[in-house]
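First the structure, in the form of structure tokens, and then the observations on it.
The values are calculated or read from the model by the stated rules, or taken from the named source; none is laboratory data. Because the structure is a prediction, the values reported are computed rather than measured. Using ideal geometry, Cβ is built from the backbone for each residue, glycine included, and neighbour counts are taken over all protein chains shown. When the accessible area is computed, the model is the full protein with side chains, heavy atoms only, and any ligands, DNA or RNA have been set aside. Shrake-Rupley method; radii C 1.70, N 1.55, O 1.52, S 1.80 Å.
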Amino acid sequence: METAHQTSARTGGDQIVKSVARTCQTLVYFDEVQRPLSVVEVSKELGYPQSSTSALLKSLVKLGFLTHDARKKSYFPTERVPLLGSWMNPDLFGEGTIHRLLKAISERTRHVVVLATKNGDEAEYVQVVRPKDSPIHHISLGTRRPLGNSGVGRVLMSRFSDDEVRSLFRRINAYRAPDKPAVDVKAFVASLAETRAKGYYLSTDQVVQGSGLISMPFPNHLNSRLFAVGVGAPTDVILRSEKEIVGIMHEEIVRNLKKMGQQSLTA
């Protein structure tokens, strides 16, 4: 079975340079497991030949992005990796307020929590907090979802005006691949009123059968980018715990917004 990393690595087909894709996917995998990894583990998870994986890891060591423990035959990221993006937004990419918010929601719900943002014509997961015993494995850092066919996509689009949404999806429909279904623009725009009124969107069996996601908008943070927070769990759990999960998400977002001195969702 193809892993989420392998699917992400081949997104965009031949337009992505293979060596670049493998490097990025390797660093993302380290970010997710947060422990030393062997050549065999990386090769198996990402689906790359062991010889190529070994060469890649050794190159990253020489470049200063990984360290190598010869005795344990394992690799681990150096401080250069987290420092690369820390200057852009400490709250988002470091151990700042947003990371603590996601972690708090995950600890209280005991489910996977994601932070998504609009990236072109898709929604992209830019933060993922996963409990060790979570049965949800299709969600990973860097995963992209269609704006018109995902919970986080719908929530992100609810922050735009109806005219902006119509314009975007008309363009997406016009340039979509032949095997991609068109978005029913009229129905999508009409449904956004309910999403805005409720303040969240619950999707089940939409992207992966048997899995669901409760998505909620997160106010603009320091810049013009829009974010959505999502809690993922098996469909039966999401449906059974909807009210409790939504309550926890609201509480943590409001509490952390007050810490940042920003206006809450309910203001």
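The set of residues from segment 121-130 being open to solvent by 40 Å² or more (accessible area, probe 1.4 Å) and within 14 Å of Ser150 (Cα to Cα) comprises Asp121, Glu122. Strands (runs of 3 or more DSSP E) fully within segment 1-120 that include at least 2 residues being at pLDDT 90 or above, surrounded by 14 or more Cβ atoms within 10 Å (Cβ to Cβ) and not charged (D, E, K, R): 74-77, 112-119.
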